[in-house]
Structure formats: structure tokens, C-alpha cells
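**Student:** The following block contains the structure, expressed as C-alpha cells.
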Amino acid sequence: MLRSTLAHQGTPVYSVAWGPDSEKVLYTAGKQLIIKPLQPNAKILQWKAHDGIILKVDWNSVNDLILSAGEDCKYKVWDSYGRPLYSSQPHEHPITSVAWAPDGELFAVGSFHSLCLCDKTGVRNVLNDAVDLLEFRDRVIKASLNYAHLVVSTSLQCYVFSTKNWNTPLIFDLKEGTVSLILQAERHFLLVDGGGIYLYSYEGRFLSSPKFPGMRTDILNAQTVSLSNDTIAIKDKADEKIIFLFEASTGKPMGDGKFLSHKNEVLEIALDQKGLTNDRKIAFIDKNRDLYITSVKRFGKEEQIIKLGTMVHTLAWSDTCNILCGLQDTRFTVWYYPNTVYVDRDILPKTLYERDASEFSKNPHIVSFVGNQVTIRRADGSLVHISISPYPAILHEYVSSSKWEDAVRLCRFVKEQTMWACLAAMAVANQDMTTAEIAYAAIGEIDKVQYINSIKNLPSKESKMAHILMFSGNIQEAEIVLLQAGLVYQAIQININLYNWERALELAVKYKTHVDTVLAYRQKFLETFGKQETNKRYLQYAEGLQIDWEKIKAKIEMEITKERERSSGSQPTKSTGLKH
């Protein structure tokens, strides 16, 4: 039964393809390609794609890219906005057929007496140049080699090889022979097929199968799913601003079950691979090509989503340490310590490595980041390898083992600003202020050296912790640390120092202490600028109150003495912090 006629035109329609969301149709009209949305009155997209009649099109649901082939003897790749991504050299005969592999990684091109596939993969031991021929009972659908394991999916089974032993793979049966994606982490690997997402250990033990409402596994790819030792991240297709986060071992939602929500549609996601679960970070690129980073663990409080870069087209984390690389506009950029944005955002530019990326031509893609080697695939399919400095990875290793003296020695040996800047941020993040002082001095941040010196002279560990948090811009957390320790005056004082007058008075009134201190400092502040008090709350509490600076100084001295005595253990500490 004819449902509807989509188009009337004067030229034959040689090929037609559904869009990934089944809400648009792509068809040919002579030398033109036309995308027609099925909604009434929606705008039609039309462009000249070839110099000859177009014979065949295909639109992939995973990568959202369009293939076209024509009588001009060329095949071309387009994005869904009609922008050209790749055009082949002219062949001897018209291209009569093109087809994507379901996962969008490869495509086939057919012409007279010829069939082309753009990519092929083999297994070779590069350490001793031995070549192993691996034969399988059924046809191979997908393979992945990483973390010293080769995972191969056939139409019926999954084979797991260790690179130390190619002769005896671990084999288990698959429910469906349609594996479209294999992702590997250090401890386990992920299989995606038409029925779901499955996590297995390298011993072949099934671990978990995360699910969420409206999950469509047929459109998941390496850019929209990411795996680490403890976390699985999946971009939602129904609402592309949402990223679901799951515990790898159980398949249950992370933390308090909240998903990660961004203001714009997300294009690509990637989890870092090393470190503790509580420190796990996810980096992602949104549709504006901005690169963001945020924490995976989300408990109640809104985690900060911080921008790392702009015009980023592709990204990858190193498999050996938490170093991030990306292709940014015309530059190849490496963020040696992306966590710097949480510690001291001012020195982030000093922790980067950048080089010109024009040699990679248009639309390159980062394939892998193994050790200090980055592999990039250019638009013509060729692979380019870039080596980055091995020293930042060694620095990460020293810091994760708390070998601070070795870290300082390494930076002195290398003599690079990026290394010292990374060490400064790492030291503050791990609250090693002695190392932080050395590193900040090496990059000429004298004001920060002075501040760190003042932190080291504070009487109690709670005060030190609070000021380290303030150094990183976490004012609220610093205040909470002080209040929980019963150091109310110190919490009030940090708000006075930051000219956060409303909060300083609020705390003084709430805890019925140092109201006169806050009013005195406020009065001094206004007098300095020759201003009159206009704040109603300050006017209310200042009414009839005489400021006695001698009395206030004595009270402050007493607070400092009390804190010193408490931290030295010369008198029993009260559990007032719990009540607060």
C-alpha cells in the first residue's frame, strides 16, 4: 500500500537511504544529493555532490556520515550537513556501489571488476618480528588489540588471546554473532551487540551488563562509549546532552545514580585510565567543539564541568597515565596534567605541549595513545605516529608512588617549565606543600610561594587544609573544614579576607561570636575607600555598638592561642565540631 510519495522530479532516483534517526531520507537527483526530513514543512537540504550522475548512496547510523558514488568515477564522504570530508581520486570506471560496515569503521567501494576496502588489520609481534597466523572456525567480525590482550569476535564465539601466549586462547560462546564494538581497559573488556552491552574479564568471566531506558546498541561506537577499570560511560542517543555513568563491576549507575548532564549536545566522550575511582575524570567534546572535563563520582553536589579547550575535533587519554591529547584547530595539544584546572587554573597553559597539526590535513582522527606514542589517521586513511616526551609520564609515576624527591630531581634534570608547572599542581593536589613551594619558585610564581609559606606556618592541620582548599579556589569546602573542626573564628576570618561580608556576618550571628570583629573590619574597609555603610544587616548590628580594637585584637590572639594549644595536644579537644 502506497503510504506517501516523498518527491517528484525530472531525473531518475538511482539510490535512497534512511537517516540514522529514521526521520530523514537521503536520495539522489542527477548530480545532486537531497536530504528530506519527514516532518511537514521542514527545510530540505540539497547540494551538488558530483560532476557526474550519482549512482549510489549510503548513510551510516553510528558515525552519521554519508557515502556517495557517481559516474565521475569518484566516491565521496560527507557529514549530515552536506560538508565534504573526503573525495577519492578518479578511478578508471564509474563507481557503481558503496556500503558502510555497520560499525562505521570501514566501507566498501565497488566498480567495474574491482572491490575496494579502505582498511585492513593484521597481527605481528614487533618485538622479535615474529608473525602469527591465527585461524578461526567461523568468520571474524571484530578484533581489538590492547593491554597485552587480543580480543576477537566471530559469528559464534569470542576468543581472548594473551600476547604472551598465542596458542591457547580463552574461548566462550556469544548470544548474538553481531558484535559491533569491542572496547578494552586494563582489567576487562566490553562487547556491544544487537542485544546489549556486556563486560567480561580477560579470564572470560561475565561481569555486568549496564542498561538504561531507550538504549540502542546498534548506534554505539568508540566515540559514544568509554571504558575504564571501574567505570562505563555511555552517551544517550535520545537526549544527546546526557552521559550515563555505570560501575563496571555491577553495571549499576555510579554514585547517587545521577547522570551527567551538559548544556549542549555531546559528540565524543573518553574516561581517563589510571588512578583511584574517586579521582576518575571524564573528558568530552560538545557540538561547539569545546573540550570539557569533570568528575565521574557525583554525590548530591553539582560537580564542576570545566572547559579545557576550544575547537577540539578528536581526543584520547594515554593508557599508562592520565595525560590527555587532542587535535585543536590547527594544533596538536597535549594536556600533561588536566587536573590542574581543579588545583590552579592560572598555570594550566604552562602544563601544555603544543605543535603544528597542519601536516595531518583535514579531519584527522586520533586512533590510539599508547605510552608516549600517539597514532593519528588522516582523512585519506594513512596513519601518522607522533612521539611525545616520556618525562611527564615518569613524573606521574613518581607522584602516584609519593616519590616527591625523585619528582623534584627529574624536573631539575629535564629543566622544562611544563614539568615544573605539572609538579606544582600535582603537589598541591596531594597537599605536599614543600614540593609545591619548590615547583612554584621554579616557574617564577613568587606570590604563590609566599602564600604557601604562610600556609606552612598555620597552627593546626585543619587550618592548613582549609587554606590549601582556598588556594585551589574551593572556598565553600575550606569553610566546611574549619566549621567541622570547631574553628568558627577562622571560618569567619577567611570570609573577611575575601571581602565576603554577607557570609562573614551570617556566620558570626549564627554561632554568636565575633560579631564585633566582623563589624570592625567592615568599618575599616569602608573608611579606606571613604564610603558609608548601606547594608541593612550591618546597620542593624552596628547600632549602639562601640568598636574597641584593643579588645578585638585580644580576642583574636586568644583564638590563635587556643588553636595552637589544641593542635599541640596540650589540652583535651572538645567535640564541638560534630555539633556544628
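The values are calculated or read from the model by the stated rules, or taken from the named source; none is laboratory data. Values in this document were obtained by computation on a predicted structure and should not be read as measured data. Quick reminder, even Gly has a Cβ in these numbers, built from the backbone with ideal geometry, and neighbours come from all protein chains shown. The accessibility values were calculated without ligands, DNA or RNA, using every heavy atom of the protein model including side chains. Shrake-Rupley method; radii C 1.70, N 1.55, O 1.52, S 1.80 Å.
**Student:** Are there any pairs with C-beta distances below 6 angstrom linking a residue in segment 50-66 that is in contact (Cβ under 8 Å) with a residue 24 or more places away in the chain to a residue that is open to solvent by 40 Å² or more (accessible area, probe 1.4 Å) and of a type in the set (Lys, Arg), with the two at least 6 apart or on different chains, and if so which?
**Tutor:** His50/Lys31
**Student:** Pull out all pairs, ordered by first then second residue, where Cβ-Cβ is under 6 Å, the residues are six or more apart or on different chains, the first lies in segment 242-257 and is farther than 11 Å from Thr231 by Cα, and the second is crowded, with 17+ Cβ neighbours inside 10 Å and of a type in the set (Asp, Glu).
**Tutor:** Ile242/Asp236
**Student:** Restricting to segment 88-104, give me the number of residues that are assigned to a loop (DSSP other than H, G, I, E, B) and without any contact (Cβ under 8 Å) to a residue 60 or more places away in the chain.
**Tutor:** Qualifying residue count, segment 88-104: 10.
**Student:** For residues that are in contact (Cβ under 8 Å) with a residue 60 or more places away in the chain and farther than 25 Å from Phe107 by Cα, scanning just segment 349-369, find the one that is least open to solvent (accessible area, probe 1.4 Å).
**Tutor:** Thr351
**Student:** Among all residue pairs at least 6 apart or on different chains, which show Cβ distances below 6 Å where the first residue, located in segment 25-45, is farther than 22 Å from Ile95 by Cβ and hydrophobic (A, V, I, L, M, F, W, C) and the second is part of a strand (DSSP E or B) and open to solvent by 10 Å² or more (accessible area, probe 1.4 Å)?
**Tutor:** Partner pairs satisfying both residue conditions: Ile44/Lys36.
**Student:** Go through the residues of segment 39-49 one by one and say whether even a single one is open to solvent by less than 20 Å² (accessible area, probe 1.4 Å) and not aromatic (Phe, Trp, Tyr).
**Tutor:** So far as segment 39-49 goes, yes, one or more of its residues are open to solvent by less than 20 Å² (accessible area, probe 1.4 Å) and not aromatic (Phe, Trp, Tyr).
**Student:** So which of Leu85, Leu127 ends up being within 26 Å of Trp317 (Cβ to Cβ), modelled with pLDDT under 85 and not in a loop (DSSP other than H, G, I, E, B)?
**Tutor:** Step by step, each of Leu85, Leu127 is checked, and only Leu85 is within 26 Å of Trp317 (Cβ to Cβ), modelled with pLDDT under 85 and not in a loop (DSSP other than H, G, I, E, B).
**Student:** Let me ask something else about it. Return the residue satisfying two criteria in turn: it lies in segment 452-465 and is in contact with a Lys or Arg (Cβ under 9 Å, 6 or more places away or on another chain) and among the charged types (D, E, K, R), and of such residues it is surrounded by the fewest Cβ atoms within 10 Å (Cβ to Cβ).
**Tutor:** Lys456
**Student:** While we're looking at this one, here's another question. Residue under question is Tyr342, and the condition is that it be assigned to a loop (DSSP other than H, G, I, E, B) and in contact (Cβ under 8 Å) with a residue 12 or more places away in the chain; does it hold?
**Tutor:** Taking the combined requirement at face value, the residue does not satisfy it.
**Student:** Here's a check for you: in segment 387-422, which residue that is closer than 19 Å to Gln273 by Cβ and in contact (Cβ under 8 Å) with a residue 60 or more places away in the chain is most open to solvent (accessible area, probe 1.4 Å)?
**Tutor:** Here the answer is Glu397.
To keep it simple, each residue is scored yes or no on (1) closer than 30 Å to Asp79 by Cα; (2) open to solvent by less than 20 Å² (accessible area, probe 1.4 Å); (3) over 14 Å from the mean Cα position of the chain (by Cα).
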{"residue": "Gly195", "(1), (2), (3)": "yes, no, yes"}
{"residue": "Leu199", "(1), (2), (3)": "no, yes, yes"}
{"residue": "Gly214", "(1), (2), (3)": "yes, no, yes"}
{"residue": "Ala222", "(1), (2), (3)": "yes, no, no"}
{"residue": "Leu227", "(1), (2), (3)": "yes, yes, no"}
{"residue": "Ile234", "(1), (2), (3)": "yes, yes, no"}
{"residue": "Asp239", "(1), (2), (3)": "yes, no, yes"}
{"residue": "Lys252", "(1), (2), (3)": "no, no, yes"}
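**Student:** Return the residues of segment 373-419 that are out of contact with any Ser or Thr (no Cβ under 9 Å at 6 or more places or on another chain) and within 21 Å of Asn363 (Cβ to Cβ); say none if nothing qualifies.
**Tutor:** Arg377, Gly381, Ser382 - these are the residues of segment 373-419 that are out of contact with any Ser or Thr (no Cβ under 9 Å at 6 or more places or on another chain) and within 21 Å of Asn363 (Cβ to Cβ).
**Student:** Here is a follow-up. Return the residue satisfying two criteria in turn: it lies in segment 259-281 and is basic (Lys, Arg) and touching a residue at least 40 places away in the same chain (Cβ under 8 Å), and of such residues it is nearest to Val312 (Cα to Cα). Break it down into steps so the answer makes sense when it comes.
**Tutor:** Our first condition is that a residue be basic (Lys, Arg); within segment 259-281, this holds for 263, 274, 280-281.
In the following step, the residues that additionally are touching a residue at least 40 places away in the same chain (Cβ under 8 Å) were identified as 274, 280-281.
Numbers: Lys274: 23, Arg280: 21, Lys281: 18 Å.
Only one residue fits best here, namely Lys281.
**Student:** Among the residues of segment 463-487, count how many are in contact with a helix residue (DSSP H, G or I) (Cβ under 7 Å, 6 or more places away or on another chain) and over 23 Å from Tyr440 (Cβ atoms).
**Tutor:** Number satisfying all stated conditions: 7.
**Student:** Right, next: Scan segment 254-269 residue by residue and report those that are open to solvent by less than 40 Å² (accessible area, probe 1.4 Å) and among the charged types (D, E, K, R).
**Tutor:** Selection gives Glu268 alone.
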